[in-house]
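Input: a single structure, listed below in structure tokens.
The values are calculated or read from the model by the stated rules, or taken from the named source; none is laboratory data. All of these numbers come straight from a predicted model, not from anything done at the bench. Cβ placement follows ideal geometry from the backbone for every residue including glycine, while neighbour counts extend to all protein chains displayed.
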Amino acid sequence: MQRSRVLGVGLALLLLVMILSACGAAPIPQDWPGLTADGDAIYVLSGAPRQVYILNAETGTQQATFVAPESGGVLYWSPVTVGGDLAFVGVADEATGQANLYAFDPATGQERWRVPGQKLILAPPTYAAPAPGDGSAPDQPAGVVYFGDTDGFVYAVDVDTGALLPGWSFQAREAIWASPLVVGDRVYVAAMDHRVYALDAATGGEIWSTSVGGAMASPPTLAESDGILYVGAFDGRVHALRADSGEALDGFDAQADNWIWSRPLLTNGVLYVTSLDGRLYALDRISGAPVPPYPYDSSEVSDGSNVLRAGPVEVGDALVVAAESGHVIAVSNAQRLWVWPSGLPESPIYTTPVVIGDVVYVVLMNGQVQALNAQTGAPVWTFTPPQAG
């Protein structure tokens, strides 16, 4: 993304995605600002040129940065993942074609290691801690980080050494824009080839794959109680699959009026999902039927039209969504509790908010980070990185 044209290029890319979809062509990669919360720190991928800013979650004070050494072209970054005393981020240089997954110290931003990928790494990597009892053997990694790229490859890296796991290999038919979901000894991957894959976490071997009829840009959500995977797709549907076999859940049918880009949120037995049609849906997780009084239509805050690319987050008894209109909206029982800002929005929001305690954090397309009181929507602090906007 061009260094001083984050907002304009981001909107142009989204429009081009929609045009290409209508023409039957594959969507193109995106690079929106990234936002991650871990402990008492916020990791924001922002600014021009892009870098990772590590902020104190309470005050918004900058504590450290991570700067990628690549140069010479437009850089594409993944959002940050934190795990095993390290932070992980993918960086690719469009000019050279060089892509790397970096591990860095989350306190100082100092690089620990890097491992090459093939193409763009767009989704946050996924850290998997070792299972209880593991790690005693010399060849047993203390943790593994999994990531995908736009060539369709999925990689597994030993977090201690930064080395690829020996013999681990998998490639989907098309690009991977979604983070892998790791549960026990399986890795679930949603791909742009319309397929969800279940892989052996130790080898990358394919256990099953299922076509759902639409490309997917976010990972599945697992209902651990009965082993059902839920994933939103560009066909406007939420698809429900049995995690053990990949079979579709019989009778489940959930349809929005536009693409579903976000990851479904499962809470209190109800699925919540946003769509590019601007609505927040509540769905019965067995049938997919709407749960009244939802859906909530976010266009009420934006003069009749809106887009919800970012997923919902839960804050107490409410849900919070962030919109293309630049508004952040708290909703309960399909009724708006508060909205930020009350005036003209500065910039769209495409990145899912994060929550620590009673504070909601959002990053706008212009690179600004805003911390909001979860009960009222009142601003707590604002961080604007150098050359953002």
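The table below lists the values:
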{"quantity": "Pick from region 210-229, criterion of a type in the set (A, V, I, L, M) and within 17 Å of the chain's Cα centre (by Cα), ranking: surrounded by the most Cβ atoms within 10 Å (Cβ to Cβ)", "calculated": "MET216"}
{"quantity": "Positions within region 347-368 being closer than 7 Å to LEU35 by Cβ and aromatic (Phe, Trp, Tyr), in sequence order", "calculated": "TYR361"}
{"quantity": "Contacts under 6 angstrom Cβ, first residue in region 251-270 being within 19 Å of PRO353 (Cβ to Cβ) and hydroxyl-bearing (Ser, Thr, Tyr), partner surrounded by 20 or more Cβ atoms within 10 Å (Cβ to Cβ) and at pLDDT 95 or above, 6 or more apart", "calculated": "SER262/SER218; SER262/THR274; SER262/GLY311"}
{"quantity": "Of the criteria (1) in contact (Cβ under 8 Å) with a residue 40 or more places away in the chain; (2) touching an Asp or Glu at 6+ places or on another chain (Cβ under 8 Å); (3) of a type outside the set (S, T, N, Q), which one VAL157 fails", "calculated": "(2)"}
{"quantity": "Number of the exception - TYR294 against (1) out of contact with any helix residue (DSSP H, G or I) (no Cβ under 6 Å at 6 or more places or on another chain); (2) within 25 Å of ALA48 (Cβ to Cβ)", "calculated": "(2)"}
{"quantity": "GLY232 vs. criteria over 21 Å from the mean Cα position of the chain (by Cα) and either surrounded by fewer than 21 Cβ atoms within 10 Å (Cβ to Cβ) or small (Gly, Ala, Ser) (or both)", "calculated": "no"}
{"quantity": "Condition broken by ALA95, with the remaining ones in (1) of a type in the set (A, V, I, L, M); (2) surrounded by fewer than 21 Cβ atoms within 10 Å (Cβ to Cβ); (3) in contact (Cβ under 8 Å) with a residue 24 or more places away in the chain satisfied", "calculated": "(3)"}
